[in-house]
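Visitor: Before anything else, here's the structure in question.
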Amino acid sequence: MFENKWMRTLRTAGAALLVAGAIGGCSSGGGDDGVDDVGQAGNDSGALTDEQINAPNGNLQATIRTTTGGVPHITADNLESAGFGSGYVQARDNVCIIADSIIRARGERAKFYGPGPNVADALPIGVNVVTDFSYKALGLLDRANEEFDELTPASQAMLRGFAAGYNKYVDETDPTALPAKCNQAPWVRDITAEDLYAYYQLVALYASGDNFVQGPLFAAVPPGVSPAPAPAAPATSAALSTDTPELAAALRRATPATLGLKSDYHERGMASNGWGIGGDMTENGRGALLANPHFPYTGNRRLYQSQITVPGVYNVNGAGLIGVAIPLIGFNEHVAWTHTVSTAQHFTLYDLTLKSGDPLTYIKDGQEKPITSKRISVEVNVGAAQPLTFQRDFYYSEYGPMLAANTINGALPAWGDTFAGRSTAVTYRDANIETARQVVDQWLAMGRADNLAEFQQPFKACGSVLWVNTMYADDAGRAFYIDGTSVPQLSQGALTAFNARVSSNPVVAALAASNLTLLDGSRSLNDWVDNDCNGRVGYAGMPRLQRSDYVQNSNDSYWATNPKQFLTGFSPLYGPTENILSPRTRMGLRMLENPTDAGLSQVAPAGSDGKFTGQEIIDALYSNRAYYAETLLDELRERCNAAGDTAIAYDDDNSRSVADGCAALAGWNGVYDLNSTGAQVFRVFIGAFSPGYPAQFSVAFDPSQPETTPGTPYPADDDLSDDPMLVALATGLNRLDQAGIDYDAPLADIQYQQPYDARPPSPTGAAAQPTGDVIPWHGNQNFEGGFNIVSVDTSAVEDGTRYPRYAPQGTIAGTGGLSTADGEGWLIGYGTSWHFGLNFSDAGPQGYGLVSYSQSDDPSSAHYRDQDERYSAKNYRKLLYSNADINADENLQRETITATID
């Protein structure tokens, strides 16, 4: 495994700071950032004792009380036993997902699943082979094995405990009783704490290095070198690709489009809404919170709810990614927090100036630097009695792995080609390459906090929440926002040089517009600042805001967290400022700024008094309002009335009446509830209209009023047959006709979750087949300005896995994923997931919400679709926290589990 100077730095100063802040006693800060650090450190202040961390003599014991919805409430005397309970219940409900996640991080999918379908015609090698090599090139398991003993005692204990709990379930469950997708599967086996830590390494890289595992890492070879792996045994005739010289040439011509990869790095495949509401806007003057992550409904980014209690140490009810031992979004008695995916950049690209005639040497500050290599081996099931081992070299600069830059952006050069007037190759440095060690410590410290000062402390100690913003509220009525993600710290000189580069190089400018920073690797000026946080921006440079009214984020940058107090002056790598907000952000601000206005719904966000409660927050989410419906529908209806049966020209040669579509719009209630009819007409209209300034809107964007601008359509054309709004409507109606969707069908009939048969990974990529009754699904989409986001997932495999799923065979452009199959509609597979509204009261936290896709991915489980059906009916649950409420649950089941480990 490669290790550069930045990694070595973290092993000393940065790691020490983290341990001091996250596991030791917290202390109130001095308000150095203009944000009040309020409250005195508490929560049994002082470092945790060995008895609070470790199970005595390895004797693990956890009590599990499972309540309505399959929610486990785990109580243990120490963190190791708490992790034990967490691993056991997660395996009980999602063993197949965890098993796949572990072999993914270990680089062993090809060993069990075979090569898999080819990545693309331009990369005719199985996807499992490509990703196995790439994850090994990232060093996930190597790093986990080398670093595990350096983790804090609390991290080690919880990882050991989780692995022991998972293993207990696996060892005590007959392989024939496992769920269908991993029934009798050899990859369902005991795991180690190091295996689990390797998976956390992968999770940390979701918004950085994980972007490169399906091509850019694998295709990164010097000129004249084939990327095709070779058998480790010379006598072996097996091959994973034919015509390797042609493969090498083809990959030098490959682009993101030919490999099916993204080129816009704003797109993370994850989103969220979050509100932290201060005492000025709640009924009782205490804080309140909306947690509303938008994640895939299948695969290893599902969220799983649990409550973990270690008396005197930790007591949090929340949800985390499956396989993570600790809740990531949740609440305790005094504080609550949620996360949204940040706009910040978590890595920087470097173009290296290669030495003439030597593609493995680059020049930096006039000095020669080596590009090193490492031979990596992967086992592949090729249908023989035993897997065969294949190997090849991967390459590294001082910054990190080399990349095939042309597969990131087609305008970038292949290794050794000319860029900016010189022979070049591209590499990158990742700000999250070492932050997996903080996953347990960071969220453990946040969950132990009793007040804002304690909550801020791990961030001040060089902590990181990886790639998510944080919204916070507490029982003292404080609301707080921070982008505490891992962001490279560049010097002012580096930023000035980069801005000059953007101005002079259109490729660099285009990359910047797609959220990529390409720095000149020939100058040490562009190295990250050598600081206590391993080159990452520290607390003083993080965007943050404390308010008594609200903070919010819906995946725009930090800038308009609260438009009454814009945030500016932070590194541009955190995201843009004074930019147009998404319509989803504007819908959220519309509800926060106008809490008694129901809009087109029947639900005032904060009721008639304009003061929020937890139930009112979840009701506001479920109101299914859409920004563009509330700002454009009346105008569209007026133009419909004026048009009558006029033929609307939707292209140069064709026209049609929009009268039937207009009739459906006239009957639409303006929201996306299951009984809403006509919502689909507005959806396809807005998809074709694609509103923006100056194309459709007459009022330009005003950075002092980002909640409402740009806006106001241009006046209707005198010739309505060519009116832009009506042309968009006609275009959308054609798309509904193509899909066989009635204009006035209720949303329940055309937008739903489709269950499917569970099956193991397919060597050929065969899809799953639909089975069982569909579940109607309320909610809307980003491009509509929806807030309660749900959308279509077109992937034929569950997110982050190789398990087949059912997906539409094709979708129609400009419709938000409308299936091409006649009458199939919108097959929802992404969006509102774990979600809740919460307020603090004299009786403690009062939360209401659901895991929209339920706790288990096993179709035979009682908790496979129970919460799906509750979501469909808007029948949220109270989130039980106190012992009295848990013990009074009508569906309570109790068990105590034990094990002994060395």
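Visitor: Expressed in nm², what is the orientationally averaged projection area of the convex hull enclosing the Cα positions of the stretch 182-271?
Guide: Its Cα hull, projected and averaged over all orientations, spans 9.8 nm².
Visitor: Only Cα pairs under 8 Å and at least 6 apart count here; give the relative contact order of the chain as a rounded whole percent.
Guide: In percent, rounded to a whole number, it is 16.
Visitor: Tell me the per residue accessible area of the stretch 256-301 using a 1.4 Å probe; a whole number in Å² is fine.
Guide: Roughly 27 Å² per residue, with all protein chains present.
Visitor: For the stretch 373-449, place one equal point scatterer on every Cα, skip the solvent, and apply the Debye formula. What is log10 of I(q)/I(0) at q = 0.13, 0.16 Å⁻¹?
Guide: -0.71, -0.84
Visitor: For the stretch 423-484, what does the accessible surface come to per residue with a 1.4 Å probe? Please give it in Å².
Guide: Per residue, the stretch 423-484 has 9 Å² of solvent-accessible surface.
Visitor: Which percent of the accessible heavy-atom area of the stretch 54-104 goes to carbon and sulfur, probe 1.4 angstrom?
Guide: C and S fraction of accessible area: 38 percent.
Visitor: For the stretch 295-433, count the residues as N, evaluate 2.2 N^0.38 Å, and divide the Cα radius of gyration by that value, please.
Guide: Output field value: 1.58.
Visitor: Tell me, what is a quarter of the convex hull surface for the C-alpha atoms of the chain, in nm² with one decimal?
Guide: Quarter of the Cα hull surface area: 35.9 nm².
Visitor: Further, regarding this structure: How much of the accessible area of the stretch 272-374, probe 1.4 Å, is carbon plus sulfur, in whole percent?
Guide: 48
Visitor: Output the Kirkwood hydrodynamic radius of the stretch 429-494, Cα pairs only, in Å rounded to one decimal.
Guide: So the Kirkwood estimate lands at 12.9 Å.
Visitor: What's the local net charge at Ile308, with K and R +1, D and E -1, over the other residues with C-beta under 14 Å away?
Guide: Neighbourhood net charge equals -1.
Visitor: Right, something else. For Lys136, which lysines qualify as cross-link partners when the Cα separation must be under 29 Å and same-chain residues fewer than eight apart are set aside?
Guide: The reachable lysines, counting only those whose Cα sits under 29 Å from Lys136, are Lys5, Lys111, Lys168, Lys181, Lys262, Lys355, Lys364, Lys369, Lys374.
Visitor: Sticking to Cα atoms, compute the Rg of the stretch 773-831 to one decimal and its Dmax as the biggest Cα-Cα distance, whole number, in Å.
Guide: In Å, with Rg to one decimal and Dmax whole: 11.7, 32.
Visitor: Continuing with this model, one more query. In the stretch 330-410, what is the volume of the convex hull around the alpha carbon atoms, normalised per residue and reported in Å³?
Guide: So the per-residue hull volume is 264 Å³.
Visitor: Quick one: compute a quarter of the convex hull surface over the Cα atoms of the stretch 207-359 and quote it in nm².
Guide: Over every viewing direction, the Cα hull of the stretch 207-359 projects on average to 16.4 nm².
Visitor: Further question: Go ahead and run the numbers for FRET between Asn57 and Ala250, Cβ-Cβ distance against an R0 of 56 Å, rounding to 0.05.
Guide: 0.40
Visitor: Hey, another quick one. Would you kindly work out the equivalent ellipsoid of the stretch 812-902 from its C-alpha gyration tensor and give its semi-axes, the square roots of five times the eigenvalues, largest first in whole Å?
Guide: Over the Cα atoms of the stretch 812-902, the semi-axes work out to 34, 20, 13 Å.
Visitor: With no solvent and one point on each alpha carbon, what is the Debye value of log10 I(q)/I(0) for the stretch 578-626 at q = 0.13, 0.26 Å⁻¹?
Guide: Here log10 of I(q) over I(0) equals -0.27, -0.92.
Visitor: Taking only protein heavy atoms into account and a 1.4 Å probe, give the accessible area per residue of the stretch 541-680 in Å².
Guide: I get 36 Å² per residue for this part.
Visitor: Please state the Cα pair-distance histogram of the stretch 683-768 with 5 angstrom bins from zero: what percent is in each bin?
Guide: Reading upward from the zero bin: 3, 11, 13, 14, 12, 11, 13, 8, 5, 6, 3, 1.
Visitor: In Å³ and rounded to a whole number, note down the convex hull volume per residue for the Cα atoms of the stretch 423-544.
Guide: Considering the Cα atoms of the stretch 423-544, their hull volume per residue is 118 Å³.
Visitor: Okay, moving on. Thr343: net charge of surrounding residues, Cβ under 10 Å, Lys/Arg +1, Asp/Glu -1, itself excluded?
Guide: -1
Visitor: Let me ask something else. At a 1.4 Å probe radius, carbon and sulfur cover how many percent of the accessible area of the stretch 459-572?
Guide: Answer for the stretch 459-572 is 51 percent, counting heavy atoms of protein chains only.
Visitor: Still on this structure, I have one more. How big is the gap, in Å, between the Cα center of the stretch 119-176 and the Cα center of the stretch 401-416?
Guide: 28
Visitor: Next up: Starting with the highest mean, order 258-264, 71-77 by the number of other Cβ atoms within 10 Å, averaged over the residues of each peptide.
Guide: Highest to lowest by the protection proxy: 71-77, 258-264.
Visitor: Given an 8 Å cut-off on Cα distances and at least 6 residues of separation, report the relative contact order of the stretch 288-419 as a percent.
Guide: After rounding, I find 12 percent.
Visitor: Run a plain Debye calculation on the stretch 79-146 (Cα atoms as equal point scatterers, no solvent) and give log10 I(q)/I(0) at q = 0.25, 0.26, 0.27, 0.29 Å⁻¹, rounded to two decimals, same order as the q list.
Guide: -1.02, -1.05, -1.07, -1.11
Visitor: Once every DSSP H run of n ≥ 4 in the chain is given -39500 (n - 2.57) and the sum is divided by its residues, what mean residue ellipticity at 222 nm do you get, rounded to the nearest 500 deg cm²/dmol?
Guide: After summing the helix terms and dividing by the residues of the chain, the value is -8000 deg cm²/dmol.
Visitor: For a distance above 20 Å, tell me the whole-number percent of Cα pairs in the stretch 90-191 that qualify.
Guide: So the pairs more than 20 Å apart make up 49 percent of the total in the stretch 90-191.
Visitor: Working from the alpha-carbon coordinates of the stretch 750-902, get Rg over Rh, Rh being the Kirkwood radius.
Guide: Dividing the radius of gyration by the Kirkwood radius yields 1.05.
Visitor: Using mean Cβ contacts within 10 Å as the protection proxy, how do 246-253, 459-466, 516-523 order, highest first?
Guide: So the peptides 246-253, 459-466, 516-523, ranked by packing, come out 459-466, 516-523, 246-253.
Visitor: Then there's this: Mind pulling up the Rg/Rh value for the stretch 597-680? Radius of gyration and Kirkwood radius, both on Cα.
Guide: 1.14
Visitor: Would you mind counting up the charge near Lys136? Only other residues with Cβ under 15 Å from its Cβ, with Lys and Arg at +1 and Asp and Glu at -1.
Guide: So the surrounding residues net to -1.
Visitor: Rounded to the nearest 20 debye, what is the charge dipole size of the chain about its Cα centre when +1 sits on each Lys and Arg Cβ and -1 on each Asp and Glu Cβ?
Guide: 2020
Visitor: Now a separate question. Would you please classify the overall shape of the stretch 550-645 from the alpha carbon gyration tensor, given that a ≥ b ≥ c denote the square roots of the eigenvalues, rounded means a/c under 1.5, and beyond that prolate means a/b larger than b/c while oblate covers the rest?
Guide: Note, shape of the stretch 550-645 comes out oblate.
Visitor: Let me ask another. Below 8 Å between Cα atoms, with a sequence gap of 6+, how large is the relative contact order for the stretch 505-591 in percent?
Guide: RCO, the stretch 505-591: 18 percent.
Visitor: Also: Let me check the size of the stretch 361-513 from its C-alpha atoms; what are the radius of gyration and Dmax in Å?
Guide: 21.9, 64
Visitor: Return the ratio Rg/(2.2 N^0.38 Å) for the stretch 398-441, where Rg is computed over Cα atoms only.
Guide: For the stretch 398-441, the normalised Cα radius of gyration is 1.56.
Visitor: While we're here: Give me the Kirkwood hydrodynamic radius of the stretch 293-349, using the inverse of the mean 1/r over all pairs of distinct Cα atoms, in Å to one decimal.
Guide: Kirkwood radius, the stretch 293-349: 13.0 Å.
Visitor: Let me ask something else. Computed from the mean reciprocal separation of all distinct C-alpha pairs, what Kirkwood hydrodynamic radius does the stretch 470-518 have, in Å?
Guide: For the stretch 470-518, inverting the mean 1/r across all distinct Cα pairs yields 13.5 Å.
Visitor: Can you report the principal axis dimensions of the stretch 700-840 using only the alpha carbons, biggest first, rounded to whole angstrom?
Guide: Projected onto its principal axes, the Cα set of the stretch 700-840 covers 58, 49, 28 Å.
The values are calculated or read from the model by the stated rules, or taken from the named source; none is laboratory data. Since the structure is predicted, the reported quantities are computational estimates derived from the model, not experimental observations. Cβ sites come from the backbone with ideal geometry, for glycine too, and all protein chains shown count toward neighbours. Areas reflect the complete protein model, heavy atoms only, side chains present, ligands, DNA and RNA absent. Shrake-Rupley method; radii C 1.70, N 1.55, O 1.52, S 1.80 Å.
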